[in-house]
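The values are calculated or read from the model by the stated rules, or taken from the named source; none is laboratory data. Just so it is clear, the structure is predicted and the values come from calculations on it, not from any experiment. Cβ coordinates were reconstructed from backbone atoms using ideal geometry, including for glycine residues, and neighbour counts include every protein chain displayed. These accessible areas exclude ligands, DNA and RNA; they are computed on the full protein's heavy atoms, side chains included. Shrake-Rupley method; radii C 1.70, N 1.55, O 1.52, S 1.80 Å.
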Amino acid sequence: HADLALYQAKSSGRNNLHFFSRHLKNKATFELQLEEELHLALSRDNGLFLTYQPILDLRNGQVVKLEALVRWQHPQLGLLPPDRFIGVAEANGFIAELDAWVLRRACQDLAILAGEGFPDLRVAVNCSALNLCRDDLVDEVKHTLQAHDIHPRRLELEVTENALMSNVNQALYLLECMRSLGLCISIDDFGTGYSSLAYLKRLPLDTLKIDRSFIMDLPGSHADMEIVQAIIGMAHTLHLQVVAEGVESREQLDFLKSHGCDFIQGYLISRPQRLDGITDFLRQQQGSVASNVLPLRPNP
Ligand code: C2E
Ligand code: MG
Ligand code: MG
Ligand code: MG
């Protein structure tokens, strides 16, 4: 494709060729700079921060866990979402450092949450596919939990379906170690990759998160309604609990609740927020009469 672009640029004149190569050079310089800046942000612990999004138990309307989602407040570019810099970290060999930073911060925040009166609240962190290959990951998790005096039951690891399936044997070994430490494991973005049911049965998983793309068009899309019901049924057969991601409407909530989904996460409950915003949110929830974030209607 690069050759074709070069050919087209050449055949349409010198100026275009000049423009084309300058564009490439700018792009490379930009990526290089972003990489350096991210490295600095990590080593100085300056600019990266965590937001938390509540996960609601549909049985009782209570928030039982939070998902940690990383953000980067860049000095010139403003607030950057993870999709903008996780890839940079993965391509340049410091995703391990980034996920270790997230883990440390999440454990610090778990300690703060316990002090604020939420000792049973759990936090889920995302684990990059590349980190599944690290031999030292289990020790790192163990030591970080110990250093902050956090019970392993309060930490959950989210691994995407694709990451798990791309190296099943390695994943199996690592997840078993994590499980014996006492952590819970979620399979993230389920439905977007290729899972073999045989593997899914063998992996030590606790929770399955249905990808937002299947929830988005509920309850209008018949195909998605069928798919979501099938995923919930399959997950329950495998003794997995189910979280629906990206729930934005009351209609989606009602559909999911009436079809036996266990948990929901999405803008309907709350956007991801910094820790102080989340503790306010949790306190409001505690204070509300029925202790429900939403006044859940009875099943139809
Ligand atoms: P994910 O783990 O599937 O996280 C869910 C994403 O959906 C988050 O995007 C969240 O903000 C967004 N979301 C939640 N509810 C709704 C909703 O109702 N509507 C819509 N439209 N979106 C919703 P975010 O924060 O941009 O994160 C994107 C991805 O980046 C995450 O997908 C995760 O794979 C990755 N990521 C985030 N934090 C970390 C981290 O600390 N380490 C690693 N390795 N990856 C991370
Ligand atoms: Mg996730
Ligand atoms: Mg997801
Ligand atoms: Mg995702």
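Among the residues that make up the stretch 244-255, is at least one of them open to solvent by 30 Å² or more (accessible area, probe 1.4 Å) and either within 16 Å of ligand 2 (Cβ to nearest atom) or touching a residue at least 60 places away in the same chain (Cβ under 8 Å) (or both)?
no
Give the stretch 181-220 a look and list any residue that's assigned to a strand (DSSP E or B) and within 13 Å of ligand 4 (Cβ to nearest atom), or say none. So that I can check it myself, show each step before the final result.
Start the filter on the stretch 181-220 by keeping residues that are assigned to a strand (DSSP E or B), which leaves 184-190, 207-210.
Passing the criteria: S186, I187, D188, D189, F190, K209, I210.
Take the residues in the stretch 233-267 that are aliphatic (A, V, I, L, M) and assigned to a loop (DSSP other than H, G, I, E, B); name whichever of them is farthest from ligand 4 (Cβ to nearest atom).
L238
If you take the residues of the stretch 206-227 that are acidic (D, E) and farther than 30 Å from Q146 by Cβ, which of them is most open to solvent (accessible area, probe 1.4 Å)?
So the residue we want is E226.
Given the residues L203, L137, L172, L164, which is the only one that is open to solvent by less than 70 Å² (accessible area, probe 1.4 Å), within 16 Å of ligand 1 (Cβ to nearest atom) and under 29 Å from H236 (Cβ atoms)?
From the options L203, L137, L172, L164, the qualifying one is L164.
Can you give me the ranges of the strands (runs of 3 or more DSSP E) entirely in the stretch 43-118 with at least 2 residues that are touching a Leu at 6+ places or on another chain (Cβ under 6 Å) and either crowded, with 17+ Cβ neighbours inside 10 Å or at pLDDT 95 or above (or both)?
Passing ranges, in order: 48-57, 62-74.
Let me spell it out: the conditions are (1) surrounded by fewer than 17 Cβ atoms within 10 Å (Cβ to Cβ); (2) of a type outside the set (A, V, I, L, M); (3) within 17 Å of E90 (Cβ to Cβ), and E158 meets all of them except one. Which number is the exception?
(1)
Would you mind stating whether N126 is crowded, with 18+ Cβ neighbours inside 10 Å and within 16 Å of ligand 1 (Cβ to nearest atom)? Step through it out loud before you land on a result.
Values: crowded, with 18+ Cβ neighbours inside 10 Å: yes; within 16 Å of ligand 1 (Cβ to nearest atom): yes.
So N126 fits the description; yes.
I'd like the full set of residues that are hydroxyl-bearing (S, T, Y) and either open to solvent by less than 40 Å² (accessible area, probe 1.4 Å) or free of Cβ contacts under 8 Å to residues at least 12 places away in the same chain (or both), limited to the stretch 175-195. Write out each step before concluding.
Within the stretch 175-195, the first condition is being hydroxyl-bearing (S, T, Y), and the residues that meet it are 180, 186, 192, 194-195.
Within the stretch 175-195, S180, S186, S195 meet the criteria.
Of everything in the stretch 15-42, what is modelled with pLDDT under 70 and either more than 16 Å from A91 (Cα to Cα) or surrounded by 11 or more Cβ atoms within 10 Å (Cβ to Cβ) (or both)? Give them in sequence order.
Hits for the stretch 15-42 are N15, N16, L17, H18, F19, F20, S21, R22, H23, L24, K25, N26.
Could you tell me which residue of the stretch 72-84 is nearest to D149 (Cα to Cα), considering only residues that are away from ligand 4 (no atom under 15 Å from the Cβ) and either touching a residue at least 12 places away in the same chain (Cβ under 8 Å) or of a type in the set (A, V, I, L, M) (or both)?
W72
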